[in-house]
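Peer 1: This is the structure I want to talk about, given as structure tokens.
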Amino acid sequence: MENELITIREAELKAKLARLQESIAAIEQELSELEIAKGVLARLSIKKPAAVVATALTSAAPRSGAAKISQKKPEGLPSIKNLVLEALMDARQRGAAGMAPKDIREFVSTRYSYEMGSSANTVPSRMWRDEKLIDKNTETGLFSLPEKEKPVDVPGKEVSSTGLISNPEQVRRAGPGGGP
């Protein structure tokens, strides 16, 4: 049983490591492309009208080796709300105080190769303000998952640190055949 749990966790970590290595490779590829672009721009130090430069940049085809970030939400991708919740859960697990919209956008872009755009701002704000699904620190602007709920006080009952009600009078014993 314990070996199975260890094997499962090991497989999860290896899969996560593979995803991170893919992200690193994509980032390194982009950095090398940016270095090339800087060199080209340095050689073309001649001032050109902005419209000509914009047309040249938008018409340039992306390299086939570069990771493509999708602007359109792919089929089968979780809802934007679920993506936000997943990002905030990841932040909680890492011990972070929360995430700014740009961090949520980066998380989703890295994990799913999907660019959320302005949804990274509007959806968490709506989830906080209207739906009360998440918390927001108004001083820092960081969104976070709500604190885990504490046990509710039940009058006349003792609540243990585990949140279970202990009341010796109400201890029930199982009868024959599993009934009361």
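Peer 1: Six or more apart or on different chains, Cβ under 7 Å: which pairs go from a residue in segment 18-42 that's within 15 Å of S109 (Cβ to Cβ) to one that's among the aromatic types (F, W, Y) and assigned to a helix (DSSP H, G or I)? Could you list them?
Peer 2: Here the result reads none, with nothing in segment 18-42 linked to a residue that is among the aromatic types (F, W, Y) and assigned to a helix (DSSP H, G or I).
Peer 1: Only helices (runs of 4 or more DSSP H) wholly contained in segment 1-94 count here; list those with 3 or more residues that are over 17 Å from the mean Cα position of the chain (by Cα) and either at pLDDT 90 or above or more than 30 Å from P124 (Cα to Cα) (or both).
Peer 2: 2-43, 50-59
Peer 1: Still on this model: Across segment 115-139, what is the number of residues that are outside any helix (DSSP H, G or I) and under 12 Å from the mean Cα position of the chain (by Cα)?
Peer 2: Going through segment 115-139 one residue at a time, the tally reaches 1.
Peer 1: Here's something else I'd like to know. Out of segment 86-95, which residues are surrounded by fewer than 20 Cβ atoms within 10 Å (Cβ to Cβ) and free of Cβ contacts under 8 Å to residues at least 40 places away in the same chain?
Peer 2: E86, D90, Q93, R94, G95
Peer 1: Within segment 97-109, restricting attention to residues that are surrounded by fewer than 16 Cβ atoms within 10 Å (Cβ to Cβ) and in contact (Cβ under 8 Å) with a residue 24 or more places away in the chain, which residue is nearest to W128 (Cα to Cα)?
Peer 2: Top of the filtered list is A100.
Peer 1: Something else about it: May I ask you to verify whether K73 is out of contact with any helix residue (DSSP H, G or I) (no Cβ under 7 Å at 6 or more places or on another chain) and at negative phi?
Peer 2: Working: out of contact with any helix residue (DSSP H, G or I) (no Cβ under 7 Å at 6 or more places or on another chain): yes; at negative phi: yes.
Criteria met by K73.
The values are calculated or read from the model by the stated rules, or taken from the named source; none is laboratory data. Values in this document were obtained by computation on a predicted structure and should not be read as measured data. We place every Cβ from the backbone using ideal geometry, glycine too, and count neighbours over all the protein chains shown.
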